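Shown next, in structure tokens, is the structure this report addresses.
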Amino acid sequence: MRGGLVASARLLPRPLVRWFLQRRAQQDINENMLGGKKVKIIFVLGGPGSGKGTQCSNIVEHFDFIHLSAGELLRAEINSGSENGTMIDTIITEGKIVPSEITIKLLQEAIIKGGNDKYIIDGFPRNEENRVVFESVTLVTYFQLLEISISPEFVLFFDCSEEEMERRLLGRNQGRSDDNIETIRKRLKVFVESSLPVIEYYESKGMVKKIDATKPAPEVFEDVKAIFTHMA
Ligand SMILES: Nc1ncnc2c1ncn2[C@@H]1O[C@H](COP(=O)(O)OP(=O)(O)OP(=O)(O)O)[C@@H](O)[C@H]1O
Ligand SMILES: Nc1ccn([C@H]2C[C@H](O)[C@@H](COP(=O)(O)O)O2)c(=O)n1
Ligand SMILES: [Mg+2]
């Protein structure tokens, strides 16, 4: 059937086909759609060690979302031996933020590959540059390169004290190169200087759902669950 449609489209004048594809794509942009599907994106933010990854794992067990962690995608890129790997590794070990083009490309690929219409994106946007570049993402839709703006439904913010985050990271024990006191202190500083302003930006738009993340993980998840249950 699909092959038949593509074959028929080949018989139509190219400008007409292009006009039709652009019109469909423009409708998608207006409605936050990707490839004809309404896409729901939730940004999960919070300081290092606030429990983003832990709670995202809980969310995907109970709700039909795909979890994408920007940090995990970057670590996978390092481990894949890609040409950017060494540069990404150095930036992460220094507690800094990787240039947006790299992280967004990885997220784009994961969203397209995911084939789902609901994503929780953990640890992104980490700074203003991440946010602004993501707002004008270039995606391949309908065989065309398009500037498409995808905005999140809301931002889930795990609010946790620095002392508690530091304590958790020092006890995480997952072999991460950035879980050492020197890098942890740098990441906490970058969080305050670069990531908090992003959360404040969304706050000013009434898009932030703040969670007290200092509580034990099961209690935190009760609060998270209430939010996701109400949005379903
Ligand atoms: N509410 C909690 N109380 C106590 N420990 C927790 C809680 N939530 C997570 N942890 C533990 O704290 C550590 C950090 O949690 P997690 O990896 O989920 O944080 P994160 O926000 O994803 O951090 P990062 O930004 O570094 O990836 C883990 O060892 C996890 O088991
Ligand atoms: N948007 C992002 C997300 C992550 N990184 C880098 C810098 C972080 O310290 C590191 C680990 O991320 P985490 O697993 O803690 O979410 O990855 C980035 O540069 N940009
Ligand atoms: Mg994490």
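The values are calculated or read from the model by the stated rules, or taken from the named source; none is laboratory data. None of these values were measured; they are calculated from a predicted model. Because the Cβ atoms are built from the backbone with ideal geometry, glycine has one as well, and the counts that use them run over all protein chains shown. When the accessible area is computed, the model is the full protein with side chains, heavy atoms only, and any ligands, DNA or RNA have been set aside. Shrake-Rupley method; radii C 1.70, N 1.55, O 1.52, S 1.80 Å.
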Self-check item: Environment charge at Asn84 (Cβ cut-off 11 Å; Lys +1, Arg +1, Asp -1, Glu -1)
Solution: -3
Practice problem: Could you order peptides 211-218, 100-107 by the average number of other Cβ atoms within 10 Å of their residues, highest first? | Solution: 100-107, 211-218
Self-check item: Distance (nanometres) between label positions extended 7 Å along Cα→Cβ at Ala226 and Ser177
Solution: 4.1 nm
Quiz item: To the nearest 20 debye, what charge dipole does region 37-229 have about its Cα centre, counting +1 at the Cβ of each Lys and Arg and -1 at the Cβ of each Asp and Glu?
Solution: 260 debye
Quiz prompt | Carbon + sulfur, % of accessible area of region 42-136 - ligands and nucleic acids excluded, 1.4 Å | solution = 50 percent
Quiz item: Cross-link partners among lysines for Lys189, C-alpha distance below 20 Å, same-chain residues fewer than 8 apart left out?
Solution: Lys52, Lys96
